[in-house]
1. What number, rounded to the nearest 500 deg cm²/dmol, is the helix-based mean residue ellipticity at 222 nm of the chain, given -39500 (n - 2.57) per DSSP H run of at least four residues and division by all its residues?
2. Helix 103-117: angle to the longest alpha-carbon principal axis of the chain, degrees 0 to 90, nearest 10?
3. Compute the helix-to-body angle for 36-54: its Cα long axis versus the longest principal axis of the chain, expressed 0 to 90° and rounded to tens.
4. Quick one: Cα centre-to-centre distance for segment 109-152 and segment 68-102, in angstrom?
5. Which angle from 0 to 90°, rounded to the nearest 10, does the C-alpha axis of helix 122-156 make with the longest principal axis of the chain?
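Please treat every number below as a calculation from the coordinates, not as lab data. As the structure is a prediction and not an experimental result, all values here were calculated from the model.
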C-alpha cells in the first residue's frame, strides 16, 4: 500500500510542477491573468495523464503515444474552459502544452550533433549519428504528435473553440 501512496504523491507532484510551469509560460506570453487557472488545470491534467500512461504496469505506452493522448486532453480542457474567461482556446492551450515539450531529447540531439562534428573514429561517429537520429526523430515525433493531438479538439468542437474570435 505504501507503493500506491508514493505513486499517487508523485502523480500529483508531477501535475503541480506542470501547472506552475504553465502559469509561468502564460505570464511571459502576456495572456490575461484570468487564464492562469485554466492553463494550470490543463497542464496538470495533460502532464499527469502522460506520466500515468507511461507508467510501467499501468498502460506502459511510449512517450510519443502518451504525449498525443495527453495533448488531446489539454486541447479538450482548453477548448471547453476558455469561453468561461472569454479568451480564444489557444491562449490557454499553448502555455499548457509547453511543459510537455521534450527538452531532454532536444538537448541530447544537439549534443550528438556536436559529437558528430568532433568525432575521433568512424565507430564513434556512427554511434553519435545513431544518437542524433534516434533522439531527433523522437523529439520531432513528440512535437508533431502534440500538435495533432491538441488541434483535434479545436476542430472537433469548432462551435465552441471559435466562439471567442467572432
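1. -26000 deg cm²/dmol
2. 30
3. The angle comes out near 40 degrees.
4. Each part's Cα centre sits 27 Å from the other's.
5. Value to nearest ten degrees: 10.
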